Amino acid sequence: WVRRVLSLQPRSDGNYRVRFQVGGDDGPVWLDEVYLFEGSASVMQRDFEHARVVVNATPQRRTVELGGSFRRIKGWQDPINDGARVTRVTVEPFDAAILIRE
């Protein structure tokens with residue numbers, strides 16, 4: 001398996017086409033989990049019914065404004081999981097935060 005991340009430059013007409021050309025291989029080819037992001041895919045958020053997950057895929061610490069109030073999960077293994085109410089979250093490099101929707 002090979003992970004590929006590609007960046008697309010904006011076009012003046014705003015139209016884009018994505019094409020996968022894989023004809024050079026003799027065996028089966030799978031495309032799995034293809035995502036398109038506006039902006040950068042370096043810090044991603046995904047909303048669930050009762051939670052939001054924030055992923056930092058960069059080598060730097062990132063702070064993300066959440067646009068609302070969430071709670072950190074309440075745990076004992078990592079001191080950051082203290083159940084605190086937050087409106088922004090700082091995520092360490094190559095880490096993620098799981099936040100509970102209020």
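The values are calculated or read from the model by the stated rules, or taken from the named source; none is laboratory data. Being a predicted model, the structure only gives us computed values, none of them experimental. Note that each Cβ is placed from the backbone with ideal geometry, even for glycine, and that neighbours are counted across all protein chains shown. Note: accessible area is taken over every heavy atom of the protein model, side chains too, but ligands, DNA and RNA are not part of it. Shrake-Rupley method; radii C 1.70, N 1.55, O 1.52, S 1.80 Å.
Quick notes on this one:
- Measuring only protein heavy atoms, the 1.4 Å probe finds GLU65 accessible over about 110 Å².
- Exposure ranking of PHE70, PHE20, PHE94 by accessible area [1.4 Å probe, largest first]: PHE94, PHE20, PHE70
- Within the chain: Cβ-based charge dipole about Cα centre, in debye rounded to nearest 20 (Lys, Arg +1; Asp, Glu -1): 320
- Sequence of VAL89, VAL55 when ordered by accessible area, the most exposed leading, probe 1.4 angstrom: VAL55, VAL89
- Gyration tensor (alpha-carbon) shape descriptor, segment 49-96, a/c threshold 1.5: oblate
- Cα→Cβ-extended label distance, 7 Å offset, between ARG85 and PHE20, nm: 4.5
- Remark: C-alpha extents of the chain on the principal axes read 52, 37, 29 Å, sorted largest to smallest.
- Given their separation in residues at 0.36 nm each and the Cα-Cα distance between them, GLU102 and THR58 gain 13.1 nm when the chain is fully extended.
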